[in-house]
Every structure is written in C-alpha cells, then in structure tokens.
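Here the structure comes first, spelled out in structure tokens, and everything after it is commentary.
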Amino acid sequence: DAGITQSPRYKITETGRQVTLMCHQTWSHSYMFWYRQDLGHGLRLIYYSAAADITDKGEVPDGYVVSRSKTENFPLTLESATRSQTSVYFCASSELGTGVYEQYFGPGTRLTVT
Amino acid sequence: AQRVTQPEKLLSVFKGAPVELKCNYSYSGSPELFWYVQYSRQRLQLLLRHISRESIKGFTADLNKGETSFHLKKPFAQEEDSAMYYCVVMDDKIIFGKGTRLHILP
C-alpha cells in the first residue's frame, strides 16, 4: 500500500531498554520527521531528515537517535527508554522542505515505558 | 522565543453557529502558517495553508501580520467539524501549537 506507515502501533517497554520505532514511506519524499505528542504540549519535533544520510535535531532530541540509510525508512531509537518518553510518536514525510510543503503523517505509535 | 499560542484547549460551539479558533504566533522572519486537523480515529492532516489563501471545508484563515495572528474561521459549524486543530508555523523550525479541541454541539 502506498503511503506512510509506522510500526509497531503500540509498544510497552521497561525503563532502560532500547526500543526502535519504524517509519516507512512509499512516496520517495525527501523529508521525513519524527514528532512526539503529549498532553499540554501538542506536537514537538524530535528529529528530521532532509535526505538519506542527512539528519538534524528538532526541539526535543535528547534521548533519541535516528538514522536514514534509505530514503523510504526513518527509524527512531530510544537507546535507554525512560518514563518521560511515554508518548504518542508520529512520523511524517514531505516532498520537499519545511516551508510551504504539506506534511503527511503516519498513524502514530503509542509507546508506554514502565 | 518563537512560539505558537492557541489559547483555547476546548471550544464548544452549537451546530450552525460561527466558529473561530484562535492562533497567535511569535516568530522572527516570515514563516509559513498552516492549520492541521486530526479527526477522531484519523491521521493528522493538512487543513489549509496561508500561502494558498484557500477555503477548505468552509474554513478560512487570515494572516494578520500586525497582530501576528492566524485565526481559523467558519461561518456555520457542522457536526463533522469536531476534531483537534493545530496551528503550525514553519520556517527553518517547525512549531506546533498545543491544539484546540473543537466540539460541535447538536
């Protein structure tokens, strides 16, 4: 199916564990983004990528690692999960830059860190 | 500091009444402004963007640079408008407002 997908959709993990959230898009969009959504904060940008092998920090990058070896994939890794990282994570892609171009969002991953 | 303020967490409006979702921003430069919407059980999606000056699903948003506002308006609310609405400012940064939940009362 064309579009942007995220996996898993739901994840429960323990404090200190490493967890990777996957994001895959089939449009060959250059830009991809990771956000977290928390009550009272709206969406906050974690990391984004302008192209394969190019990544940049967003507003809240601490505790997260990203990579983009292929244009279509943009995994987000929590190297040592903490309770404060319990959140809903959204991946998005955009054809070109962060300016006027529409971002297309995935369905989200609900992560609970116990 | 750059920020986007949506002062209302929840806005309840009767069906057929006018709707105004407020958005104020503090941003240097000339950012692009957007409204994104998330309907129940659906993905976050673009509603409209300032640069297009379009009307989508009856909604319009006027950029007031003097007041640094980008309020979203619709003259007659419909039940299907119930959703979470985010005002977004984009330049070299991407900043989402905290969102306003719009609840249309029958």
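The values are calculated or read from the model by the stated rules, or taken from the named source; none is laboratory data. Everything quoted here is computed from the prediction, not taken from an experiment. We place every Cβ from the backbone using ideal geometry, glycine too, and count neighbours over all the protein chains shown. In case anyone asks, the SASA skips ligands and DNA or RNA and just uses the protein heavy atoms, side chains included. Shrake-Rupley method; radii C 1.70, N 1.55, O 1.52, S 1.80 Å.
Quick check for you: with a 1.4 Å probe and neighbouring chains kept, what is the accessible area per residue of segment A:18-106, in Å²?
Value returned for segment A:18-106: 43 Å² of accessible area per residue.
Could you calculate the FRET efficiency of A:Ser7 with A:Ala51 from 1/(1 + (r/R0)^6), where r is the beta carbon distance between them and R0 is 22 Å, rounded to 0.05? That gives a FRET efficiency of 0.45. Rounded to the nearest 20 debye, the dipole size of the protein assembly as shown about its Cα centre is 520 debye, using +1 on the Cβ of Lys and Arg and -1 on the Cβ of Asp and Glu. The three principal axes of the C-alpha atoms in segment B:1-70 carry coordinate ranges of 37, 23, 22 Å, sorted with the longest axis first. Counting only heavy atoms of the protein chains and using a 1.4 Å probe, A:Lys57 has close to 140 Å² of accessible surface.
Accessible area per residue was computed with a 1.4 Å probe on protein heavy atoms; B:Ser40 scores about 100 Å².
Past 26 Å, Cα to Cα, is the threshold; run B:Lys57/B:Lys93; A:Lys57/B:Lys73; B:Lys73/B:Lys98; A:Lys11/B:Lys57; B:Lys74/B:Lys98 against it and keep the listed order. Beyond 26 Å: B:Lys57/B:Lys93; A:Lys57/B:Lys73; A:Lys11/B:Lys57. Computed from backbone phi with θ = phi - 60° and the Karplus coefficients 6.51, -1.76 and 1.60, the 3J(HN,Hα) list for segment B:92-104 is 7, 10, 10, 10, 8, x, 7, x, 10, 8, 9, 10, 9 Hz; x is used for glycine and proline. About its Cα centre, the dipole of chain B is roughly 220 debye, where the only charges are +1 on Lys and Arg Cβ and -1 on Asp and Glu Cβ.
Whole Å is fine, so just give me how far the alpha carbon centre of segment A:62-114 lies from that of segment B:29-62. So the two Cα centres are separated by 22 Å.
Go ahead and run the numbers for FRET between A:Glu72 and A:Leu39, Cβ-Cβ distance against an R0 of 35 Å, rounding to 0.05. Using R0 = 35 Å, I get an efficiency of 0.65. Only protein heavy atoms count here; on that basis, with a 1.4 Å probe, A:His41 has an accessible area of about 80 Å².
For segment A:34-39, 3J(HN,Hα) computed residue by residue from phi via the Karplus equation (6.51, -1.76, 1.60; θ = phi - 60°) reads 10, 10, 10, 10, 10, 4 Hz, glycine and proline entered as x.
Taking R0 as 30 Å, what's the FRET efficiency between B:Lys15 and A:Ser84 from their Cβ-Cβ distance, rounded to 0.05? After rounding to 0.05, the efficiency reads 0.15.
3J(HN,Hα) along segment A:63-71: x, 10, 9, 10, 8, 8, 7, 10, 4 Hz, from the Karplus curve 6.51 cos²θ - 1.76 cosθ + 1.60 with θ = phi - 60°, whole Hz, x for Gly and Pro.
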